[in-house]
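K.L.:
Once you've had a glance at the structure underneath, I'll fire off some questions.
The values are calculated or read from the model by the stated rules, or taken from the named source; none is laboratory data. Just so we're clear, the structure is a prediction, and the values are computed from it rather than from any experiment. All Cβ positions, even for glycine, are placed from backbone atoms using ideal geometry, and neighbour counts span all protein chains on display.
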Amino acid sequence: MVPCDIESGQRPDLLTKSRSRAILSALGTSGYLGVDPSEALRLLQETVAAVESAGAVPAIHCCGKADWPLVIQSNVKIINFDAYEYSKTISLYPQEFTDFLQAGGYLAWGIIPTTGAIVTEHVTSIRNRFDKQMETLAHSIPSALLHSQILLTPACGAGSRTTDESVKVFEMLKELKTSLSTVS
């Protein structure tokens, strides 16, 4: 497994030519709108093309359940999702995700909860949850491929958490990365 270096946020193969550190930026809203899927795909593909033409790596965050084939067809390079609550949704589209990963895409695995669950979780319980998720998905997506194309992240934004809870989210992320690195 080759998770992202949590301290620096760097993944050498994902850095742009002119930057020494990866920069995360967001575009959009969490609002829900009724949009025709073909129009949503067209808009996503245009956005991805604009991000790439600026020399950046296009990524998307999906909260909850998503139309994964549409997201994959948008040509993003990183799909960030709430793996803490929704990892099973990936298993519904094994071929699509296998193709995405084989084409060089990454899954930003949001395994650290950013809900009230952060209060009772600890790195051992998160590690156990992660291992079970990987074991389940290995039945439908090649395990080595899956492990080599994962970046570890919080499930969603930590802005609604207290300062102490937010610190715990990122400390647990660092501890999980360390735990997984010692196994490799």
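K.L.:
Given the condition part of a loop (DSSP other than H, G, I, E, B) and either without any contact (Cβ under 8 Å) to a residue 60 or more places away in the chain or more than 26 Å from Ala50 (Cβ to Cβ) (or both), answer yes or no: does some residue in region 168-178 qualify?
P.N.:
No, region 168-178 contains no residue that is part of a loop (DSSP other than H, G, I, E, B) and either without any contact (Cβ under 8 Å) to a residue 60 or more places away in the chain or more than 26 Å from Ala50 (Cβ to Cβ) (or both).
K.L.:
Quick check on my filter: what residues within region 113-132 are of a type in the set (Asp, Glu) and part of a helix (DSSP H, G or I)?
P.N.:
Asp131
K.L.:
Do we have His139 as farther than 29 Å from Ala40 by Cα and part of a loop (DSSP other than H, G, I, E, B) here?
P.N.:
When the stated conditions are applied, His139 passes them.
K.L.:
So, Ile150, is that one touching a strand residue (DSSP E or B) at 6+ places or on another chain (Cβ under 6 Å) and over 21 Å from Trp68 (Cβ atoms) or not?
P.N.:
no
K.L.:
In region 160-174, how many residues are surrounded by 17 or more Cβ atoms within 10 Å (Cβ to Cβ) and over 15 Å from Trp109 (Cα atoms)?
P.N.:
3
K.L.:
With Ala56, Ala49 as the choices, which residue is more than 30 Å from Gly116 (Cβ to Cβ), outside any helix (DSSP H, G or I) and not acidic (Asp, Glu)?
P.N.:
When all the criteria are applied, what remains is Ala56.
K.L.:
Something else now. Please work out which residue is nearest to the chain's Cα centre (by Cα), limiting yourself to region 67-101 and to residues that are under 17 Å from Leu176 (Cβ atoms) and assigned to a strand (DSSP E or B).
P.N.:
Filtering region 67-101 for residues that are under 17 Å from Leu176 (Cβ atoms) and assigned to a strand (DSSP E or B), the one nearest to the chain's Cα centre (by Cα) comes out as Asn80.
K.L.:
In the list Gly64, Gly110, Gly157, Gly104, which residue meets the criterion of being touching a helix residue (DSSP H, G or I) at 6+ places or on another chain (Cβ under 8 Å), in contact (Cβ under 8 Å) with a residue 12 or more places away in the chain, in a loop (DSSP other than H, G, I, E, B) and not hydrophobic (A, V, I, L, M, F, W, C)?
P.N.:
Being touching a helix residue (DSSP H, G or I) at 6+ places or on another chain (Cβ under 8 Å), in contact (Cβ under 8 Å) with a residue 12 or more places away in the chain, in a loop (DSSP other than H, G, I, E, B) and not hydrophobic (A, V, I, L, M, F, W, C) holds for just one of Gly64, Gly110, Gly157, Gly104, which is Gly64.
K.L.:
Moving to a separate point now. Yes or no: Ile79 at pLDDT 95 or above, crowded, with 20+ Cβ neighbours inside 10 Å, in contact with a helix residue (DSSP H, G or I) (Cβ under 8 Å, 6 or more places away or on another chain) and more than 23 Å from Pro37 (Cα to Cα)?
P.N.:
In short, no.
K.L.:
Being hydroxyl-bearing (Ser, Thr, Tyr), surrounded by 20 or more Cβ atoms within 10 Å (Cβ to Cβ) and either more than 17 Å from the chain's Cα centre (by Cα) or modelled with pLDDT of 95 or more (or both): is that true of Tyr106 here?
P.N.:
yes
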